[in-house]
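S.K.: Below is a structure I'd like to ask you about.
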Amino acid sequence: MKKVLFLQVSLCFLMIMGTCMVASGSDVTIRYGGQYYPGEFVLQGTPEIWEKFGLNVQHMIFSSGTENNQALISGRCDINCGSDSKTVALFSVMEEKALIIGSIQKGDRYATVIRSDSEYTSWSDLKGKTVATRLGSGAEQVLRRYFSQYSSASWDEFKWVNLKVEDMIAALQGGQIEAFTVWEPTCAIAETQGAGRILRTYGDISPVPVLLHTTTEFASKHRPEIIQFLCAHLEKAQFIKEKPQKAAHKAAEAAKKKGYHVSEDAFSKVFERIDFSIDLNQEIIDAIENTAGFLHQKGKIDSIPSFRYDTSLLEEAKAVFEKGKK
């Protein structure tokens, strides 16, 4: 496995920048590529979080990690987010230019859903059945890891259908499939609608973190803005933890405006199930490397890229955020 690259700055510089950035504003517009993730809808519903930290943010929601990565690669966004498998894909394309600056969620992000009246109790019961996921996504990756490590069943013992996330619940209800595996909040939507129940989650297989990425060029030119950007995510995480029902209300309102039908109850379930803390620690780094190793072992990538992290950005943001609370 290739060596992980870290960017560090001096403690003196951190202290100086932390002092300067607490209340400053910025004329820079950060183009942020989000995805159909619960925390993103919280941010969409509370634009005052960006404003609190003096940020101008164009917050885009992409329907897939592939589209999101392309936006960063092509320069249409400055910061984006994606699951660990999409992080691997990003670095496989722009290894020397991409930079990881934090993670925004991890844990039981993926689940397999069956009909609420189904008698299935395990994947073994589904052998030979038609099941769905979004092929090429983190959901496929975590399923393949499950089958290779923990299951008495194997991938080839099922009839796989590649479905869009928005079509999965209807396909389950209509009987076209017997189960689907996807990321939240679709699983919680199926539960709250009475359309399905969870067969299993996959946090025990991998924390499958969602990472924040930028480019080394943007980071070198806009460090102060990135610090405040991370402070906004810390604020969002605190909001979800301390006021989950209010956060669910804001997220549901924002989703509705975007044309997504996600109830407050669904968001509440997600906020109980997933860890939304903002981290870039050894657990996160190990998870990315393990995913890369697995994808290489399975022939999904030709080689394991070198991953570049700047842990100092989040460290400084946490110091600024804590100072602002006092």
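What follows draws every value from the coordinates through simple rules; no lab data is involved. Owing to the predicted nature of the structure, the values given are computational and were not obtained by experimental measurement. Every residue, glycine as well, gets a Cβ built from its backbone with ideal geometry; the counts of neighbours run over all protein chains shown.
S.K.: Run through all the Cα pairs of segment 110-201 and give the fraction in each 5 Å bin from 0, expressed as whole percent.
M.R.: 3, 15, 28, 30, 18, 5, 0
S.K.: Check the straight Cα-Cα distances from LYS318 and name the lysines below 21 Å, setting aside those fewer than 8 residues away within the same chain.
M.R.: Answer for LYS318, where 21 Å is the Cα cut-off: LYS52, LYS106, LYS221, LYS236, LYS241, LYS243, LYS326, listed by chain and number.
S.K.: Sorting LEU280, LEU72, LEU199 on the 10 Å Cβ count, fewest up front, what's the list?
M.R.: The most exposed by this proxy come first: LEU199, LEU280, LEU72.
S.K.: So what J values fall out for segment 51-63 if you push phi through Karplus, 6.51 cos²θ - 1.76 cosθ + 1.60 with θ = phi - 60°, rounded to Hz, Gly and Pro as x?
M.R.: Once θ is set to phi - 60°, the couplings for segment 51-63 become 4, 4, 9, x, 10, 9, 10, 8, 9, 9, 10, 9, 7 Hz.
S.K.: Quick one: helix 282-297 against the long Cα principal axis of the chain, what's the angle to the nearest 10°, folded into 0 to 90?
M.R.: 50 degrees
S.K.: Where does segment 192-243 land on Rg(C-alpha)/(2.2 N^0.38 Å)?
M.R.: Cα Rg divided by the expected 2.2 N^0.38 Å: 1.75.
S.K.: Could you list which residues have their amide H under 5 Å from that of ASP310, counting only those 5 or more apart in sequence or on another chain, with H placed in the peptide plane?
M.R.: LEU7, ILE100
S.K.: Rounded to the nearest 500, what is the chain's calculated 222 nm mean residue ellipticity when only DSSP H runs of at least 4 contribute -39500 (n - 2.57) each, over all residues?
M.R.: One gets -14000 deg cm²/dmol as the mean residue ellipticity at 222 nm.
S.K.: Rank these for me by crowding, ILE205, ILE73, ILE240, going from fewest to most other beta carbons within 10 Å.
M.R.: Fewest to most other Cβ atoms nearby, the residues stand as ILE73, ILE205, ILE240.
S.K.: While we're here: Note down the magnitude of the dipole of the chain about its Cα centre, charges +1 on Lys and Arg C-beta and -1 on Asp and Glu C-beta and zero elsewhere, to the nearest 20 debye.
M.R.: Computed about the Cα centre, the dipole is about 180 debye.
S.K.: Along each of its three principal axes, how wide is the spread of alpha-carbon positions in segment 33-81, in whole angstrom units, largest first?
M.R.: The Cα atoms of segment 33-81 stretch 30, 21, 11 Å along their principal axes.
S.K.: Could you tell me how many degrees, from 0 to 90 and to the nearest 10, lie between the Cα long axis of helix 244-257 and the main elongation axis, the longest principal axis, of the Cα atoms of the chain?
M.R.: 80 degrees
S.K.: List, in order, the whole-Hz ³J(HN,Hα) value for each residue of segment 102-113 obtained from phi through the Karplus relation with A = 6.51, B = -1.76, C = 1.60 and θ = phi - 60°; use x for Gly and Pro.
M.R.: x, 10, 10, 6, 6, x, 7, 7, 10, 8, 9, 10
S.K.: Here is a follow-up. Could you name the lysines whose alpha carbon sits less than 20 Å from that of LYS127, not counting residues in the same chain fewer than 8 places away?
M.R.: LYS159
S.K.: I would also like to ask the following. Restricting to the chain, compute how many DSSP beta bridges are antiparallel as a %, nearest 5.
M.R.: 55 percent
S.K.: Below 8 Å, C-alpha to C-alpha, sequence gap of six or more: please give me the relative contact order for the chain in percent.
M.R.: 31 percent
S.K.: For segment 225-241, just list the computed ³J(HN,Hα) in residue order, Karplus coefficients 6.51, -1.76 and 1.60, θ = phi - 60°, integers in Hz, with x standing in for Gly and Pro.
M.R.: So the J values, rounded to whole Hz, are 5, 5, 4, 5, 4, 5, 4, 5, 5, 5, 4, 4, 4, 5, 4, 4, 6.
S.K.: How large are Rg and Dmax for segment 207-297 when only the alpha carbon atoms are used, in Å?
M.R.: Values for segment 207-297 (Cα only, Rg and Dmax): 16.2, 44 Å.
S.K.: Continuing with this model, one more query. Check VAL57: other-chain or 5+ apart residues with amide H under 5 Å from its amide H, H built from backbone geometry?
M.R.: Long-range HN contacts for VAL57: ILE30.
S.K.: Treating the Cα atoms of the chain as identical point scatterers in vacuum, please give the log10 of the normalised Debye intensity I(q)/I(0) at q = 0.06, 0.07, 0.13, 0.16 Å⁻¹, two decimals.
M.R.: -0.20, -0.28, -0.95, -1.38
S.K.: May I pose another question? Taking LYS256 as the anchor, which lysines have their alpha carbon closer than 17 Å to its alpha carbon, excluding any fewer than eight residues away along the same chain?
M.R.: LYS246
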